[in-house]
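Heads up: the structure comes next, in structure tokens.
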Amino acid sequence: MSLQIQSLSIHHKNESSLIKNVDLVINQGEVLTLMGPSGCGKSTLLSAIAGHLANDFWLEGSILLDGQPIQSAQPHLRQVGILFQDDLLFPHLNIWENIAIALPNEIKGQKRKERALECLQQVKLDHLAFSMPNQVSGGQRARISLLRMLQANPKVVLLDEPFSKLDKDLRETFRAWVFDQLKQAQIPALMVTHDEDDIPSDGKLIYWENLKKEMLNA
């Protein structure tokens, strides 16, 4: 699996170009970190890949997954997983139900519960299966959120400053665990952040300012 962005430009209705002629390639198991200050456009790029651009933006160019263009596909058909700063668990569902809701539709009935419980057991969180989200810690909710996203079998993962709301000790542990899970799944990942500590040691790094210079020279 790979994510390719070819000559991608994102325009705003006021005729300004937030992103212009961007080219990126992320291969399976790789994490590419795009680092820059808040408000520079990093999250807009993620929205374009996931298919969630606001109506006052439009894009040109190509977004390819495994060589197939997805820029015109509906968001639910793109197989793009997203991990945000907030865990976004459903508060009215217990932990195993939160996992099960992400499973593919072909898994039916009792099999959904069994698969969710197996998933939790693999990461030693099965003791939380029947707890509600407000009964578990922030770090546990963060891990469960990643697990839920992975159960949908995404072809690419987008990480939108997913560690920023965790305290320092928990942040280091969770960050290492996330990168390990993505490497095991051999999924390409694009992460945006403004914190250098978030960058995996074996990942690629692009500074937003350098990307802007490339855009200006394109």
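Each reported figure results from applying straightforward, stated rules to the coordinates on display, with no laboratory input. Quick caveat: nothing in here was measured; it's all calculated off a predicted structure. As a convention, Cβ positions derive from the backbone with ideal geometry for all residues, glycine included, and neighbour counts pool all protein chains shown.
Structure above, values below:
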| item | result |
| --- | --- |
| For the chain, the longest site-free run once GluC sites (Glu not before Pro) in DSSP loop states with at most 16 other Cβ atoms within 10 Å are removed | 107-218 |
| On Cα atoms only, tilt of 168-185 relative to the major axis of the chain in degrees | 80 degrees |
| GNM result for the chain, Cα springs below 10 Å: residue of Met35, Met149, Met132 fluctuating most strongly | Met132 |
| The chain: angle of helix 138-151 to the longest principal axis, Cα-based, in degrees nearest 10 | 80 degrees |
| Loop-located chymotrypsin sites (Phe, Trp or Tyr not before Pro) in segment 92-172 whose Cβ has at most 12 other Cβ within 10 Å (DSSP) | Phe130 |
| Cut-off 16 Å (backbone N to label point 7 Å along Cα→Cβ of Asp197), residues of segment 145-176 | 161-176 |
| Among Ser38, Ser47, Ser62, residue whose mean-square fluctuation peaks in a GNM of the chain (springs only between Cα atoms under 10 Å) | Ser38 |
| Loop-located trypsin sites (Lys or Arg not before Pro) in segment 75-164 whose Cβ has at most 16 other Cβ within 10 Å (DSSP) | Lys108, Lys124 |
| Extension gain from Ala73 to Asn153, taking 0.36 nm per residue of separation minus the Cα-Cα distance | 27.1 nm |
| Extension gain (nm, one decimal) between Ser43 and Lys113, 0.36 nm per residue minus Cα-Cα | 21.8 nm |
| Of Lys113/Lys204; Lys42/Lys168; Lys13/Lys165; Lys20/Lys183; Lys113/Lys155, pairs whose Cα-Cα distance is over 26 Å | Lys113/Lys204; Lys13/Lys165; Lys20/Lys183 |
| Residue with peak Gaussian network fluctuation, the chain [Cα springs, cutoff 10 Å], from Pro104, Pro75, Pro133 | Pro104 |
| Nearest 10 degrees, 0 to 90: helix 208-217 Cα axis against the chain principal axis | 30 degrees |
